[in-house]
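The block underneath contains the structure these notes are about, expressed in structure tokens.
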Amino acid sequence: MIAGRGRAGRGRLALALAVSAVLGAALPSRAVVLARVEPGWSPFLRAGPPPGREALWAEAGRTLEKDPARVARVLGKAAGAVGAPARLRGLWADALYLAGQDTLWQAERLYRTLVKEKLSPEQTAWCWFQLGSVQWIQGFPEAAITSYEQATPSSREPWRRALRFDQAALALEAGRTPEAVAAWEAWVRAYPRAPGRVVALYLWGESLWRAGATADALARFREARRLDPDAWRVRSDTARAMAEAFQAAGDADTAAEVLESLARVHPGTAEGAEALLAVGALWTKEGRVSRAAAAYARLLDGPAPAEAAREARLRLALLGVRFADRVELTEPYPAYRWFYRPRPVLEELAGGRDPLTAQRALQGLAELARSEGDAEAALGFLERVFRDYPESPESGRAYEAFVSLLEARLAALVRDGDPAAGILLFERFRGAAAWVPTRDLGALVWEAARAAEALGAWDRALELYGEVKAMGSRAVPAQRAEVAALRLRAREGDPAAVARWAAERPRDWRAWLALARVQEAQEDRSAALKAFRQALALAPDAATRYALRIEMDRVGRREARTQDLLRAWRVRQELWRSLGADRRRGLPAPSRVAGARLAFALGRYAEALSLMPAEGGEPVDRLFRSMAAMASGDGQGARAAWAELAETRDAVVSGAARALAGAEALLIREGRR
């Protein structure tokens, strides 16, 4: 369709543009946007015929637009002769250019000769313009830019409009974005009603988008779509840029509509397939799974390049991994079988020859395994992604997922009471986890250290805590790792480690408890009790406070007064009452008998009697109960108890019972009772 291939096709666009990719297989595979060259613009044709060539000239002028190849053949016989006039050779070059395809190289050779001859300024500029267009079509944009610059000073209308159009288009295709933005803005303002205005608006919008001027790009795209929704077809890159702009503006429906149009224009081609893949990616990002799946299914159910079909199958299967249980697809596409049964296609692609496809398929299998609760299988798949394939974004993402899953699995095993399995899991994947030396593995090694500590492998735990400290992790600060190591050494009774631990972690009740135990072992009971009180103040819950209280009271019992011991017993009793049944498990209940004895010792007989069992118990406690009963006014019950206790085998208790009974009898005889 580059100038002279007739006016067939879309009328508006044929008047303004041509796409040189149709000129033959020898040209670049991508489309090159060029302004249409009208035969009547040629300054050689307008200059008139050389003497004696009037009839030939008239026939060439009438036929040039309809059949430039025939004109080129006829003119070639005369223009190729030695001494042929420059205007005749110039018109022949124009015919060769307009005929396109295999004659472009001849046109180029003629234009290169003509620019060196003595022609009018406009004719020379025209030759540079045409030469630049041939060079661009042949894939030499830098040469084309130079030729266009040579043509610019002496260019004339109406073809100056085409030159400026081509310069703007070339700046866009060459990646000279600011230059392209300025050139398109100048062209649209200079030629407000010229053919090609709509295409220029589209290309201006594309240039603005690539320059990052999002709002202005959208304004140009919307204006161009209002004037002619299909005029973007001159350049597929424009459609893609427009879709990106609408998607970025939150208008996913318009973006998808543009891409769908691009796919319809190029059915069964790589370009059309890429457009449908982009539609699927767009709807996936928007969370509209049904539409994404439909785009991939349409690609798979029609003719498509093998590479694009493989990509669509992979994406459809990955969608199925995430959404098959939640989304019902209603369209009758056979390809949906890969959505509902993703495993077979993922396994097939994971064993294929394309490394990036295999990596992504393995990630899908890992996600599938993880959703089924098989964390170790998921770890195995993820490890293969970054172990067996070249480094890529996929391998990087897989590594991050692998380490995160390994961390979570280790933590879960420790939490669920299986630290041995956690350590085995860590050691199994330790080499793989170190794949990227710069990755912050602090959290992972920290979880492994916790597993070793829970297992009782303290030497290994200390080694791992040391690693965490040495690696300078952001996830686990060095001080935290050092404190954990101090805690372990403190468990082994290292006094210096305990003291340092308490100093480093003044808000950690466990550090104060360890310090209290060390000070007790050193027989510094006063300091031990002080540390116990600190631990009690920081204890996280009632169960912990209760356990601490038991240990603290054991240490303080040796030198405490009776009233202090009773007060401590009452505190334990209150803590016990505050605990639920589930939190009491494993803790000894406070002894009511011990409380009764303390109350009795302090002469609080009623309280002692309320705490003692009504019947049974040790002989000494039964004796205390009888004495408390007597003190509370129950003489009859006391005397009955003494009579019974007098026969017990406990010599001390039986003797005391007889003495009490005798004393009571004496008091009664003397009338004191």
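The values are calculated or read from the model by the stated rules, or taken from the named source; none is laboratory data. What you see is a predicted model; the values in this text were computed from it and never measured. Quick reminder, even Gly has a Cβ in these numbers, built from the backbone with ideal geometry, and neighbours come from all protein chains shown.
Data table
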{"quantity": "Where a residue in the range 530-557 is closer than 17 Å to Arg585 by Cβ and of a type in the set (S, T, N, Q) and its partner, wherever it lies, is part of a helix (DSSP H, G or I) and modelled with pLDDT of 70 or more, with Cβ under 8 Å and at least six apart", "calculated": "Thr544/Trp509"}
{"quantity": "Matching residues, the range 268-325, being surrounded by fewer than 19 Cβ atoms within 10 Å (Cβ to Cβ) and β-branched (Val, Ile, Thr)", "calculated": "Thr269"}
{"quantity": "Pairs, first under 14 Å from Arg156 (Cα atoms) in the range 32-44, second acidic (Asp, Glu), C-beta under 7 Å, six or more apart", "calculated": "Ser42/Asp94; Pro43/Glu122; Phe44/Asp94"}
{"quantity": "Filter result for Ala537 (touching a helix residue (DSSP H, G or I) at 6+ places or on another chain (Cβ under 9 Å), assigned to a helix (DSSP H, G or I) and either modelled with pLDDT of 70 or more or farther than 28 Å from Arg658 by Cα (or both))", "calculated": "yes"}
{"quantity": "Cβ-Cβ under 6 Å pairs, at least 6 apart or on other chains, the range 400-425 side small (Gly, Ala, Ser), far side in a helix (DSSP H, G or I)", "calculated": "Ala401/Leu382; Ala411/Glu447; Ala420/Leu455; Ala421/Leu413; Gly422/Leu410; Gly422/Leu413; Gly422/Val414; Gly422/Ala451"}
{"quantity": "Residue under evaluation Gly616, criteria (1) assigned to a loop (DSSP other than H, G, I, E, B); (2) modelled with pLDDT of 70 or more, criterion not met", "calculated": "(2)"}
{"quantity": "Every residue from the range 149-162 that is of a type outside the set (A, V, I, L, M) and under 16 Å from Tyr97 (Cα atoms)", "calculated": "Trp159"}
{"quantity": "From the options Phe381, Phe429, Phe386, Phe402, residue that is in contact with a Ser or Thr (Cβ under 7 Å, 6 or more places away or on another chain) and under 30 Å from Arg353 (Cα atoms)", "calculated": "Phe386"}
{"quantity": "Test: residue in the range 329-343 that is under 21 Å from the mean Cα position of the chain (by Cα) and either at pLDDT 95 or above or among the polar types (S, T, N, Q) (or both)", "calculated": "no"}
{"quantity": "Conditions (1) modelled with pLDDT under 70; (2) in contact with a helix residue (DSSP H, G or I) (Cβ under 6 Å, 6 or more places away or on another chain): number failed by Ile668", "calculated": "(2)"}
{"quantity": "Condition check for Arg343: over 30 Å from Val445 (Cα atoms) and in a helix (DSSP H, G or I)", "calculated": "yes"}
{"quantity": "Residue within the range 143-163 that is of a type outside the set (A, V, I, L, M), touching a Leu at 6+ places or on another chain (Cβ under 9 Å) and surrounded by fewer than 19 Cβ atoms within 10 Å (Cβ to Cβ) present", "calculated": "yes"}
{"quantity": "Number of positions in the range 58-85 that are assigned to a helix (DSSP H, G or I) and either surrounded by fewer than 19 Cβ atoms within 10 Å (Cβ to Cβ) or free of Cβ contacts under 8 Å to residues at least 12 places away in the same chain (or both)", "calculated": "12"}
{"quantity": "Residue match in the range 450-473 (condition: of a type in the set (S, T, N, Q), outside any helix (DSSP H, G or I) and either at pLDDT 85 or above or crowded, with 20+ Cβ neighbours inside 10 Å (or both))", "calculated": "yes"}
{"quantity": "Residue match in the range 116-124 (condition: in a helix (DSSP H, G or I) and of a type in the set (A, V, I, L, M))", "calculated": "no"}
{"quantity": "Conditions (1) modelled with pLDDT of 95 or more; (2) small (Gly, Ala, Ser); (3) not in a helix (DSSP H, G or I); number of the one not met by Gly175", "calculated": "(1)"}
{"quantity": "Cross-chain or 6+ apart pairs with Cβ under 9 Å, the range 637-657 first and modelled with pLDDT of 75 or more, then charged (D, E, K, R) and surrounded by 14 or more Cβ atoms within 10 Å (Cβ to Cβ)", "calculated": "Thr648/Arg622"}
{"quantity": "Hits in the range 410-424 - residues which are surrounded by 20 or more Cβ atoms within 10 Å (Cβ to Cβ) and out of contact with any Gly (no Cβ under 6 Å at 6 or more places or on another chain)", "calculated": "Pro419, Gly422, Ile423"}
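So that you can scan it fast, the table gives a plain yes or no per residue for (1) part of a loop (DSSP other than H, G, I, E, B); (2) under 45 Å from the mean Cα position of the chain (by Cα):
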| position | (1), (2) |
| --- | --- |
| Gln130 | no, no |
| Glu149 | no, no |
| Ser154 | yes, no |
| Asp166 | no, yes |
| Glu179 | no, yes |
| Trp184 | no, yes |
| Val198 | no, yes |
| Leu203 | no, yes |
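Listed here are the residues, each with its yes/no results for (1) closer than 29 Å to Ser207 by Cβ; (2) within 23 Å of the chain's Cα centre (by Cα).
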{"residue": "Leu277", "(1), (2)": "yes, yes"}
{"residue": "Gly287", "(1), (2)": "no, yes"}
{"residue": "Pro303", "(1), (2)": "no, no"}
{"residue": "Arg315", "(1), (2)": "no, yes"}
{"residue": "Ala324", "(1), (2)": "no, yes"}
